[in-house]
Amino acid sequence: MAQITKDNQGKINILDGELLPVIFSMQTASVARSKMTFTLLFMSPQQIGVADDWKADPSTYEVFTDFLIEQIRDSDMLFLFPTEKVAVLLLPFSGEVEAAFAVERMKKNYATIDPYRHFYTAVVEIANSHAQYDDVWQNGMTALALCHSQPPFAIEAVDWHKEREIETIKVSIIEPDETTKMTLRILLERMSLSRFTLMIETYHDGHDFLTSRWHTSGHTHLVMMNDILPRQNGVEVLNELRLMPNSDKYIIFMMSDKQSESNMLYAYEKDADEYIVKPFNIKLLEAKIKRVLKRLR
């Protein structure tokens, strides 16, 4: 039966290997929401499959796992697989680069225990919610086996699960002028975005937008609106959106004919993300939109 073990400080982050599929499923489910990757380190103090190496020192695995327990952070989770003589270290909210630094730190510390001891590591970064546990396990173990012919402390990276998901972003254009509305729509439809797909709706005024259900989903939502509208102007829409739960999902571009400093300051004080003065430069506006979306990755 799977067990949860506490270390000498009472931290519950040392777990039986049987729990890894469950925790893995929870982590992958959160990837799409948090947009944060996590990494699994498949680690072994021996060359997997080389029986003579293991028979020479049967305490190697125990010494190695005791070492890992001392090295892990509060947020890390260590899963032990005594039968396979493998330990899997889960690093939440960490990518391959951060994992490599962690391995380098542990490599230096492990060498102080015994200069003749070493370990091997396979690094598997998970960047999408479609990764299947069985595939990740197989790829991690295969990569770990590839370290056999390499020098001590060899690291092998697995690249099959690093591709990020395509995120759907809703876009609302709230603009009474049909020419401006069409110009913005064409701009957005022609933008080249590698990791995003845009779902675009247009509205004549703020009242139509707020009474629709388009803006109530959990999607990241880019709102491009004029400050002056026939019903419920842009400032009123801005205020209502910022009072909604999870209001950070709204990226709000306020557009205006007014270039006065006071109007700009007022919009930013009300938490607009950008203030666009008409007539606007198409290329500059596109650059600003791409810059904002890039921060979502």
Using θ = phi - 60° and Karplus 6.51 cos²θ - 1.76 cosθ + 1.60, couplings along the range 116-133 (whole Hz; Gly, Pro as x): 9, 8, 7, 8, 10, 9, 10, 9, 10, 8, 10, 10, 9, 8, 9, 4, 9, 4
For the range 4-158, alpha-carbon Rg over 2.2 N^0.38 Å: 0.99
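With an 8 Å Cα cut-off and a minimum separation of 6 or more residues, compute the relative contact order for the chain in percent. List each step's numbers first, then the result.
On the way: 481 pairs, mean separation 39.5, N = 297.
Worked out over the chain, it gives 13 percent.
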Sequence-distant residues sharing a close amide H with Ala157 (under 5 Å, placed H): Val123
Relative contact order [Cα under 8 Å, 6+ residues apart], the range 157-296, whole percent: 21 percent
Residue-by-residue Karplus 3J(HN,Hα) for the range 78-94, coefficients 6.51, -1.76, 1.60, Hz, glycine and proline x: 10, 10, 9, 10, x, 5, 7, 6, 10, 10, 10, 9, 9, 10, x, 6, 10
Rounded to whole Hz, the Karplus (6.51, -1.76, 1.60) HN-Hα couplings of the range 102-109, x for glycine and proline: 5, 5, 4, 4, 5, 4, 5, 6
Rg [Å, one decimal], Dmax [Å, integer] - the range 171-222, C-alpha atoms: 11.7, 33
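Show that you can apply the helix-only estimate: for the chain, add -39,500 (n - 2.57) for every DSSP H stretch of four or more residues, divide by all residues, and state [θ] at 222 nm to the nearest 500. Working shown, then result.
Working: 10 runs with 115 residues, N = 297.
Result for the chain: -12000 deg cm²/dmol, rounded to the nearest 500.
Throw me the Rg/Rh for the chain, computed over C-alpha atoms with Kirkwood Rh, two decimals.
On the way: Rg = 26.1 Å, Rh = 22.6 Å.
Here Rg/Rh amounts to 1.16.
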Spatial separation of Cα centroids for the range 154-193 and the range 204-233, in angstrom: 19 Å
Hull volume in cubic angstrom per residue (convex hull over the Cα atoms of the range 137-230): 140 Å³
Other-chain or far-sequence residues with amide H under 5 Å of Gln46's (modelled H): Tyr120
Principal axis box of the range 167-294, alpha-carbon based, largest edge first, Å: 37, 32, 26
Rounded to 5, percent antiparallel among DSSP beta bridges of the range 4-158: 75 percent
Cut-off under 5 Å, modelled amide H: who pairs with Val86 long-range: Phe81
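Over the range 124-222, what is the relative contact order in whole percent, taking alpha-carbon pairs under 8 Å and six or more residues apart? Walk me through the intermediate numbers first.
Numbers: 108 pairs, mean separation 29.2, N = 99.
Worked out over the range 124-222, it gives 29 percent.
Here, each number is a calculation from the coordinates, and none is a lab measurement. Here the structure is a predicted model, which means the values were calculated and not measured.
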